[in-house]
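Asker: Let me give you the structure first, and then I'll get to my questions.
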Amino acid sequence: MTAASPVMPTYAPQPVAFDRGDGAWLYDTDGRRYLDLLAGIAVNTLGHNHPRLVAAIADQASKIIHTSNLFEIPLRRQLAQRLVDLSGMTNVFFCNSGLEANEAAIKIARKYGHDRGIDLPEIVVYEKAFHGRSLATLSATGNDKVQKGFEPLVPGFVRVPLNDIDALNRIAAERPNVVAVFLEAIQGEGGIQPARTDYLRQVRALCDARGWLMMVDEVQCGTGRTGKWFAHQWAGIRPDVMPLAKGVSSGIPVGAVVAHGAAAEVFKPGNHGTTFGGNPLAMRAGLVTIDVMEEDGLLDHATAMGEVLMGGMRRELAGVPGVREVRGTGLMIGIELDRPCGEVVGLALKAGLVLNVTADSVVRLLPPLILSREQAELAVATLAPILRDVASRPVAQT
Ligand SMILES: *Cc1c(COP(=O)(O)O)cnc(C)c1O
């Protein structure tokens, strides 16, 4: 074991450190090469060391990195415009992370309620949801492990199961203080569980009928990962509030709350703020990320590579008794086993693959959107035997 670390033990890291990357390849400190099927948890949209991203960041760093939101930031305006155009929404608030974007969304919903005379506004949230680890966002999260030890939770959330419109209709009938519905288009930490497109449309219709805000957390499933700019676009709907983060700037921390219509007019001067959010360096990285995604056709590429990965895994794992399902959209893929499978992370690492396991039993693939066909095929050829082996053993009795 290594000596005691001065870093707080909030994570139990794998005993590997990467000090260099190239596209979807990672190199550890011993020079060993790994195929990156995680992208820093859906962050490195353009992979590692992308020449356009590196050049843009270096150029921006040589000009100016940070000023303050007390001044105009032209790059912030530009990135906001890009996000508005891609989403069909109207206004953006920039911050630095997913939980911050969600925290801002929660504040928008509460103030939206207060502005309408609802003093104790409630927000509908979901079982197995993950929205972050600040007090409000962990309270919105549907996972006891995230909440335990941090009570009292922030009040004002009501929880329902995903894809159950009857449950939401009951809330509508019983709870007059509801102001918003807050859900991931595809639950990420919850195990790659999609909100069905018909469910998203039903939620949209109910929100319209009730004057509720529809708030779709696209922190993980947004920014092109599923083959559309934003995963809810597969359902042909538009939310009122959309938190983004993770992949927006390919690794430079950026969060954003994109809002539409009434929701976009809730925050007035003094209602919210951030020191770092919207800084020129972060905005420049976001702009070049979107440029490259458009110019290189990375949305269609994500769809095509998702088919290679998912099709390959389905073919190779067909009939393996311990494999419950291979599911996903684009490059957001989950392989659910019938047992806890945390050991797959270490086995894959030994075989040269970086991936992760979420919700105990779901192997999660979130590769960079620049993953090549050869790399996708290599991933299938390497991972399938590992999963076949793990899933074919008798389940340990507990
Ligand atoms: C990762 C994640 C968050 C939290 O983002 P942080 O940047 O870690 O705060 C929130 N919502 C979803 C859906 C996520 O996947």
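Values in this text are rule-based calculations from the coordinates and carry no lab data. Values in this document were obtained by computation on a predicted structure and should not be read as measured data. Reconstructed Cβ throughout: ideal geometry from the backbone, glycine too, with neighbour counts over all protein chains shown.
Asker: Which order do S361, S372 fall in if you start with the one that has the fewest other Cβ atoms within 10 Å?
Answerer: Ranked by crowding around the Cβ, least crowded first: S372, S361.
Asker: Can you give the calculated 222 nm mean residue ellipticity of the chain, where each DSSP H run of n ≥ 4 adds -39,500 (n - 2.57) and the sum is split over every residue, rounded to the nearest 500 deg cm²/dmol? Write down the numbers at each step before the final one.
Answerer: On the way: 12 runs with 147 residues, N = 398.
That calculation yields -11500 deg cm²/dmol at 222 nm.
Asker: Of H272, V395, L369, which is farthest towards the positive pole of segment 242-395's charge dipole, taken about the Cα centre with +1 and -1 on the beta-carbons of Lys, Arg and Asp, Glu respectively?
Answerer: Among H272, V395, L369, the one farthest towards the positive end of the dipole of segment 242-395 is V395.
Asker: Lys/Arg Cβ at +1, Asp/Glu Cβ at -1, dipole of the chain taken about the Cα centre: which of I386, I65, L99 is farthest positive-ward?
Answerer: The one lying farthest along the dipole's positive direction is L99.
Asker: If you don't mind, another one. Just to confirm a number: summing +1 for Lys and Arg and -1 for Asp and Glu over residues other than L168 whose beta-carbon lies under 12 angstrom from that of L168, what do you get?
Answerer: Working: positive: R159, R170, R175, R204, R210; negative: D164, D166, E174.
Value of the local net charge: +2.
Asker: What residues have an amide H closer than 5 Å to that of R159, excluding those fewer than 5 places away on the same chain, when H is modeled at 1.01 Å from N in the peptide plane?
Answerer: For R159, whose amide H was placed from the backbone, the distant partners under 5 Å are V125.
Asker: Tell me, what does the Kirkwood hydrodynamic radius of the chain come to in angstroms if you use every pair of distinct C-alpha atoms?
Answerer: Values: mean 1/r = 0.0458 Å⁻¹.
Evaluated over the chain, this radius sits at 21.8 Å.
Asker: What order do you get for H301, H232 when you list them from fewest to most C-beta neighbours inside 10 Å?
Answerer: Fewest to most other Cβ atoms nearby, the residues stand as H301, H232.
Asker: By Kyte-Doolittle mean hydropathy of at least -0.5 and Cα axial length of at least 24 Å, which whole DSSP H helices of the chain are selected? Before the final figure, lay out the partial values.
Answerer: On the way: long enough: 98-115 (25 Å, -0.64); 298-317 (27 Å, 0.20); 373-392 (28 Å, 0.36).
The qualifying helices are 298-317, 373-392.
Asker: Given labels modelled 7 Å from the Cα in the Cβ direction, how far is it in nm from M8 to N271?
Answerer: Between M8 and N271, the label points sit 3.1 nm apart.
Asker: Moving to a separate point now. Pick from A136, A39, A180: which is most flexible by mean-square fluctuation in a GNM of the chain where alpha carbon atoms under 10 Å apart are linked?
Answerer: Top of the fluctuation ranking is A136.
Asker: Rounded to two decimals, what is the ratio between the C-alpha radius of gyration of segment 281-398 and 2.2 N^0.38 Å?
Answerer: Rounded to two decimals, the normalised Rg is 1.17.
Asker: Would you grab the residues whose amide H sits under 5 Å from the one on R324? Only those 5+ places off in sequence or on another chain, please, with H modelled 1.01 Å from N.
Answerer: Placed amide hydrogens put E336, L337, D338 under 5 Å from R324.
Asker: What is segment 80-205 by shape, rounded, prolate or oblate, if you read a ≥ b ≥ c off the alpha carbon gyration tensor as root eigenvalues and call it rounded for a/c under 1.5, prolate for a/b larger than b/c, and oblate otherwise?
Answerer: rounded
Asker: Tell me, how many Å apart are the Cα centres for segment 95-143 and for segment 268-341?
Answerer: So the two Cα centres are separated by 23 Å.
Asker: Report the net charge of residues surrounding V380, where surrounding means a beta-carbon distance below 14 angstrom and charges are Lys +1, Arg +1, Asp -1, Glu -1.
Answerer: After counting each charged neighbour, the total is 0.
Asker: Near the amide H of I192, under 5 Å away, which other amide H atoms are found, from residues 5 or more places off or on another chain, if H is placed in the peptide plane?
Answerer: Amide H neighbours of I192, under 5 Å, 5+ apart: none.
Asker: When D36, D338 are ordered from fewest to most other Cβ atoms inside 10 Å of their Cβ, what list results?
Answerer: By the 10 Å Cβ count, ascending: D338, D36.
Asker: Test of understanding: in a Gaussian network model of the chain with alpha carbons linked when under 10 Å, which of P194, P15, P321 would top the mean-square fluctuation ranking?
Answerer: P15
Asker: Something else: What is the distance in Å between the Cα centres of segment 24-61 and segment 365-385?
Answerer: For segment 24-61 versus segment 365-385, the Cα centre distance is 16 Å.
Asker: Could I ask something else about it? Nearest 20 debye, what's the magnitude of the dipole of the chain about its Cα centre given +1 on Lys and Arg Cβ and -1 on Asp and Glu Cβ?
Answerer: Values: 39 positive and 42 negative charges, 57 e Å.
Roughly 280 debye, rounded to the nearest 20.
Asker: Picking from A80, A58, A109, which is most flexible by a Gaussian network model of the chain using Cα springs under 10 Å?
Answerer: Checking each option, the largest mean-square fluctuation is seen for A58.
Asker: Return the aspartates and glutamates within reach of K145: Cα separation strictly under 18 angstrom, same-chain partners fewer than 8 residues apart disregarded; answer none if there are no such residues.
Answerer: E127, E189, D360
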